[in-house]
1. Under 13 Å from the Cβ of Val143, count the other residues' Cβ atoms, weight Lys and Arg +1, Asp and Glu -1, and hand me the total.
2. Give a residue-ordered list of calculated ³J(HN,Hα) values for the range 84-101 (Karplus: 6.51 cos²θ - 1.76 cosθ + 1.60, θ = phi - 60°; whole Hz; x for Gly, Pro).
3. Please list, in chain and number order, the residues 5+ apart from Gly86 or on another chain whose amide H is under 5 Å from its amide H, with Hs placed from the backbone.
4. Which one, Ala202, Asn212, Trp112, projects farthest toward the positive side of the charge dipole computed for the chain from Cβ point charges (K/R +1, D/E -1)?
5. For the ranges 113-122, 37-46, what's the packing order if you count other beta-carbon atoms within 10 Å of each residue, average per peptide, and put the highest first?
6. Taking only complete DSSP H runs, can you tell me which helices of the chain stretch 15 Å or more along their own long axis by Cα positions and average at least -1.0 on the Kyte-Doolittle scale?
7. Please compute one quarter of the surface area of the Cα convex hull for the chain and express it in square nanometres.
8. Does the range 115-271 come out rounded, prolate or oblate, given a ≥ b ≥ c as the square roots of the eigenvalues of its C-alpha gyration tensor, rounded meaning a/c under 1.5 and, failing that, prolate meaning a/b above b/c?
Amino acid sequence: MSYSPQALKEAINSLKRYRLNSVSKHHERYIFPLLSGTYFSYRKIDVQRLVSIAYSISSNPSYLDVGCGYGDFLKRIRQYIPNAIGIEKNSDIFYECGIAKPDFINIADARWEIKQDYDIIFVGWMDPGVDFRDAVKSKTEVVITTLDQGLSLAAEYDAHGYKRIAYWRTPSWEDVNHEIMNYYYTKVPRETYLKLIKMRRAHNLWYIYCSNETKSEVIVKTLIRNMQGESEASSSRYDFEDVLDECGFKYLESVGDSTSCERLWEIYFDN
Ligand SMILES: C[S@@+](CC[C@H](N)C(=O)[O-])C[C@H]1O[C@@H](n2cnc3c(N)ncnc32)[C@H](O)[C@@H]1O
């Protein structure tokens with residue numbers, strides 16, 4: 001996301017004003033994703049899926065998050081893969097916000113500064129007009145990407161020598177934002193609110209790409225095992241996941257209409 005230091009300052013001031021009237025400390029990650037959350041919404045199971053994939057292909061996996069922002073998601077990954085690192089082009093997010101830049105985030109441009117090979121490269125949300133797929137392609141056999149239908153660049157990697165092997169759907173920050181805004185921060189008549197609920201959609205897609213057949217097989221088996229474990233151990237979660245539940249974005253909840261209905265977080269496998 002291209003943002004000037006001035007735009008960032010204004011966003012920080014809005015966040016401060018918003019906090020004076022906020023209803024829940026967990027809402028701001030879906031209202032100010034760049035400053036307080038991520039552009040894709042996630043649960044602990046998403047982190048666990050990615051971590052399982054990483055350890056299924058290496059006992060000491062190397063993991064890079066490209067365009068990691070201030071590292072909200074990366075920090076969760078690092079709880080399991082301590083040497084995971086991020087690359088972020090824009091240093092203003094640290095300096096304008098007064099946050100110390102962690103050592104595990106390098107300020108660099110992914111288009112020409114991914115220096116080594118990684119077991120996994122994660123690309124969460126590519127800005128429209130920014131395309132570093134060629135740079136990513138030469139450095140890994142496994143790409144995990146999230147894209148926001150209609151908003152981010154549709155960052156498919158099929159034409160870059162990878163095969164998509166699995167995907168799942170979660171809400172984007174905006175989908176959750178709409179629900180929160182309609183319910184808590186807008187005076188919408190009840191009737192209108194109920195109509196709006198029916199229009200609820202979830203637009204964020206997680207795609208798993210691999211260019212190595214043996215690894216693809218291992219990853220598919222790992223994801224199947226993960227899904228079985230998730231339904232049994234749904235108690236393992238982050239505290240902000242309550243917001244997702246409240247907004248109607250529950251684990252395995254159906255979204256969409258009769259023509260295109262999918263269950264959230266259900267893993268779909270490509271042949
Ligand atoms: C929409 S934000 C997403 C940030 C974070 N991944 C998230 O989901 O919240 C996209 C990020 O990619 C970074 N970015 C854009 N082009 C980049 C590049 N060529 N190299 C590294 N980072 C880049 C932007 O500065 C921005 O922080």
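Just so it is clear, none of the values below were taken in a lab; they were calculated from the coordinates. What you are looking at is a predicted structure, and each value in this text was computed from that prediction instead of being measured. Here the Cβ is made from the backbone with ideal geometry for all residues, glycine too, and neighbour counts use every protein chain on show.
1. Here the charged neighbours net out to -1.
2. Along the range 84-101, the couplings run 5, 10, x, 10, 9, 6, 9, 7, 4, 4, 7, 5, 5, 8, x, 9, 5, 6 Hz.
3. Asp65, Ile105, Asn106
4. Looking along the dipole axis, the top candidate is Ala202.
5. Put in order of decreasing packing, that is 37-46, 113-122.
6. 5-20, 44-57, 213-232
7. Dividing the Cα hull surface by four gives the mean projection, 15.0 nm².
8. Cα axes put the range 115-271 in the prolate bin.
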